[in-house]
Amino acid sequence: MYRRESKTVWQEIIKRKQCYILLLPTFLLLLTFNYYPAISAIYHSLFDWDGANFIRYIGLGNFTNMFQDPTIPLSFLNTLKLTIASLIINLTFPLLAAVLIFHLKDMKYAYFYRVLFVIPMVVPGMVVFMIWRFIYNPTSGLLNQLLISMGLSQLTRPWLGDFDLALYAVIFVGFPWVAGTSTLIYLAGLQAIPIEILDAVSIDGASTWTRFWKIELPLIAAQIKLIVILTLIGAIQGFVNIMVMTNGGPGETTMVPGLYLYRNAMYYNKMGYACAIGTFLFLIILILTYINFKYLKSSVEYQA
Amino acid sequence: MRKETKHDLPIHIILLLLGILTFYPFVFTIVTSFKDNFQFIHNFWGVTWPIHLSNYKDAWSRISRYILNSGIVTTSSVFGVLLVASVSAFTFARFDFPGKDLLFFAILSLLMIPGILTLVPSFLLVKRLGLLNTYWALILPYISGGQVFAIFILRSFIASLPEELFESARVDGASTLQTFFSIAIPLSKPILVTVAIMNILGTWNDYVWPLVTIPDGRLWTITVGIVSFSSQYSGLEMWGPMFAGYVIASIPLIVLFFFTMRYFIAGLTSGALKA
């Protein structure tokens, strides 16, 4: 019985060999450039490794070292601050912009504002960072020049070089944060609300405020949760903003785990340790995604 | 009707204010890109005359190479993604074969792997393959990574095409490859454009991967190039050319945007779903 069944599966595979040939390029690439590095990262997190010849198994040694490394708690604390700030930002300004656009009665204007808030997203992210680096420039920067022209020159400072303010200066990049994918996602959610519901609400004479809290907000719960998880993932693993704005400085005040991983790998040749930091971040992201997924599922059931 | 428009006025005020705050840094960038240093120092806020187009010439001579590199890498990667992903998506969408669900799940599960985890081993792999300082160090991993979400999107689109189209073509004696090129691809054009834009944005804006795999300044992409260029110019206090460089670096994507606006917005929204 078993033999016959496996034989028919085998025959089926032979018959369908064309399908596997068509999938071959995809899987050859994925095995080389995606599966292998992922497995290698987790595997090598258990080794003291310079990336080349020196390799020594140390079990969970890298992870216990992480707990004794003073830079780790510092960088995770920074990431916590950045993540919370990023969550607050993404749950307020883009939502406000999307709801306002949605409440416009003239569709022409709604389209105009949507395009208006998409254009800045087309500017390469790196150019935006560079412009903000100029805004914070201690001598010629826009922010200090603005303060001077307002007669507030005592407030000027080297924003990105300030031990207390550098992290907040990085958080403030992109203000007022409305030109982003978050706005588009909220808007897509709002526009998917059935027109009958909105008509019924306006006949009932509900105020704009009630309409927002009682109808629109609950109906875009899925979009909100999506933005929460995207923001979490982005904030936990992201470090390009820190790298190009402050490079972790001044001192190590704005260090984040991603940048610390990069330094360990590229400057100190501590590949095993870098893999361990990466694995740790991966686990955090996995757990948060799982929690979010569970939460999402239960709330959908609640709605139904 | 008039009352309604009046009611919208506060909304317009807030949105326009947000718009002004968003756009001001870009406007400032463009205005300053035409200034020489004297104008920059003595008229920081205003528009000045005469404009200095030489800033653009100066910036272009420094960054044209990076734009060309980014153009080569992005174009190759995007065509690679479209080709590989559409073939696989077509296979998953239109055929039944043993292990299909498992294989598809194996691809999808990669969406859960964050880039930060694979950064170090990927770098060491590319180094061992002798690809450091070549376009291949960027193109191959971009195709490999980019195809994951592309397959996911394309598969559901190609699966939604009516089977009769494929059936009648087969009856007429068309081979699998012919149905792929003459039916699946032409009908998927809008979604292919969306996928392409998503990948163009991702590739063009990537910073960390080219930074680690391309130490040679001649092969730098625009993101890596612009950071080095900025440090040089702001160190020399050459603000006009620096801002001209930012404008030049932004032009390719802005041009693309105006030609493909509809797909662009779709690409941006679904690009966000990817992460």
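Listed values, structure above:
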item	result
Label-to-label distance, nm, for residues given as A:Leu77 and B:Ile254 (7 Å Cα→Cβ offset)	4.2 nm
Distance histogram in 10 Å bins (all Cα pairs of region A:186-253, percent per bin)	17, 31, 19, 16, 13, 4, 0
Full-stretch length increase - B:Val27, B:Ala169 - with 0.36 nm per residue and alpha-carbon distance subtracted	45.7 nm
When region A:64-303 is reduced to its Cα atoms, the Kirkwood hydrodynamic radius in Å	20.4 Å
Computed [θ] at 222 nm, deg cm²/dmol, chain A (DSSP H ≥ 4; -39,500 (n - 2.57); rounded to nearest 500)	-22000 deg cm²/dmol
Given B:Lys35/B:Lys57; B:Lys100/B:Lys127; A:Lys105/B:Lys189; A:Lys15/B:Lys100, the pairs whose alpha carbons are separated by over 23 Å	B:Lys100/B:Lys127; A:Lys105/B:Lys189
Alpha-carbon centroids, region A:214-261 and region B:47-106: separation in whole Å	25 Å
Viscosity 1.002 mPa s, temperature 20 °C, Stokes-Einstein D of the protein assembly as shown from Kirkwood C-alpha radius, µm²/s	82 µm²/s
Region B:53-274, Rg to Rh (Cα coordinates; Rh as Kirkwood inverse mean 1/r)	1.05
Other-chain or far-sequence residues with amide H under 5 Å of A:Phe47's (modelled H)	A:Ile58
Magnitude of the charge dipole, the protein assembly as shown, Cβ model with Lys/Arg +1 and Asp/Glu -1, debye to 20	620 debye
Point-charge dipole on Cβ atoms (K/R +1, D/E -1) for region B:53-274, about Cα centre, debye to 20	380 debye
Stretch gain in nm, segment A:Ile195-A:Lys108, where the contour uses 0.36 nm per residue and the Cα spacing is subtracted	29.5 nm
Span-rule helices in chain B, defined as complete DSSP H runs reaching 18 Å or more along the axis (Cα) with Kyte mean at least -0.5	B:9-32, B:54-94, B:115-128, B:136-159, B:189-205, B:222-235, B:239-259, B:261-274
Selection of chymotrypsin sites (Phe, Trp or Tyr not before Pro), region A:97-184, meeting DSSP coil and at most 11 other Cβ within 10 Å	A:Phe163
Separation of alpha-carbon centers, region B:16-39 and region A:269-291, rounded to whole Å	40 Å
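Read-outs throughout are calculated quantities, based only on the coordinates presented, and are distinct from any laboratory measurement. Since we're looking at a predicted model, the values are computed, not measured. Neighbour counts are summed over all protein chains in view; Cβ atoms, including those assigned to glycine, are modelled from backbone coordinates with ideal geometry.
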